[in-house]
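Only one structure is covered here, and it is reproduced in the block below.
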């Protein structure tokens, strides 16, 4: 059983890791993407943050944070505040885009959905949407950036998200999880709506409903 001191150290290290992803790994990916004509480099950088920051954190939540999930929520909200601050005072151009605040929405949704799952007594209500956001949406975004050369919805990207979300859903909830992954993919496909909000909200609702009917 981990002590609170050990969990606080892990939380600090995870926050440090997320800052490393934001300031170094994402910037490296941005510079690499700039070498390829027309590839939206900032969009690549953003998906790297989602994948290696949000994704790795999500994988470690059930391993270390039982009974202390609120620390992840607080950390996510803290990162959201930092991202907002940098938008006003030193835009991190390698993944932040002036025209939208989707990376801020990601951090807020991350903490909120996890908190909802904890409050409802079912960690998977919060955790499955985090996996969809971090891994499924990142896969579709990276594929679209490379194939479409712009931030646009495309079926090859949606297929990648469907495969990842279906696998995650099946491992978590069986056949019903595949349905949840499929619906999450369709929701992400809706244009001009921030999927950092819609995908986790719809996914969390569907996981919650599964608990009611089972």
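Roughly what would the spin-label model give for residue 38 and residue 212, points 7 Å off Cα along C-beta, in nm?
In this crude label model, residue 38 to residue 212 measures out at 4.7 nm.
After finding the eigenvalues of the alpha carbon gyration tensor for region 126-214, what semi-axes result from the square roots of 5 times each, listed largest first in whole Å?
On the way: eigenvalues 106, 32, 17 Å².
Whole-Å semi-axes of the equivalent ellipsoid: 23, 13, 9.
I want to make sure I understand the PRE zone here: with the label point 7 angstrom from the Cα of residue 201 toward its beta carbon, which residues in region 62-84 have backbone N atoms less than 18 Å away?
none
By counting other Cβ atoms within 10 Å of each Cβ, how are 182, 134, 5 ranked from fewest to most? Mind dumping the intermediate values first?
Values: 182 15, 134 25, 5 8.
Lowest count first: 5, 182, 134.
If you build the Cα gyration tensor of region 1-126 and take the root of 5 times each eigenvalue, what three semi-axes come out, in whole angstrom, biggest first? Intermediate values should be presented prior to the final figure.
On the way: eigenvalues 160, 44, 34 Å².
Listed largest to smallest, the semi-axes of region 1-126 are 28, 15, 13 Å.
If I take every Cα pair under 8 Å that is 6 or more residues apart in the chain, average their sequence separation and divide by the length, what percent do I get for the relative contact order?
Details: 283 pairs, mean separation 40.3, N = 214.
That works out to 19 percent.
What does the convex hull of the Cα atoms come to per residue for region 166-213, in Å³? Before the final figure, lay out each step's value.
Working: hull volume 2.9 nm³, N = 48.
Cα convex hull per residue, to the nearest whole number: 60 Å³.
Where the centre of each part is set by its Cα atoms, how far does region 50-64 sit from region 185-209, in angstrom?
19 Å
Against the globular-protein guess of 2.2 N^0.38 Å, express the Cα radius of gyration of the chain as a ratio, rounded to two decimals. Numbers along the way, then the final one.
Values: Rg = 16.7 Å, N = 214, 2.2 N^0.38 = 16.9 Å.
Here the answer is 0.99, to two decimals.
Every number in this text was worked out from the coordinates using simple rules, so none of it is lab data. Just so it is clear, the structure is predicted and the values come from calculations on it, not from any experiment. With ideal geometry, Cβ positions are generated from the backbone for all residues, glycine too; neighbour counts draw on all protein chains shown.
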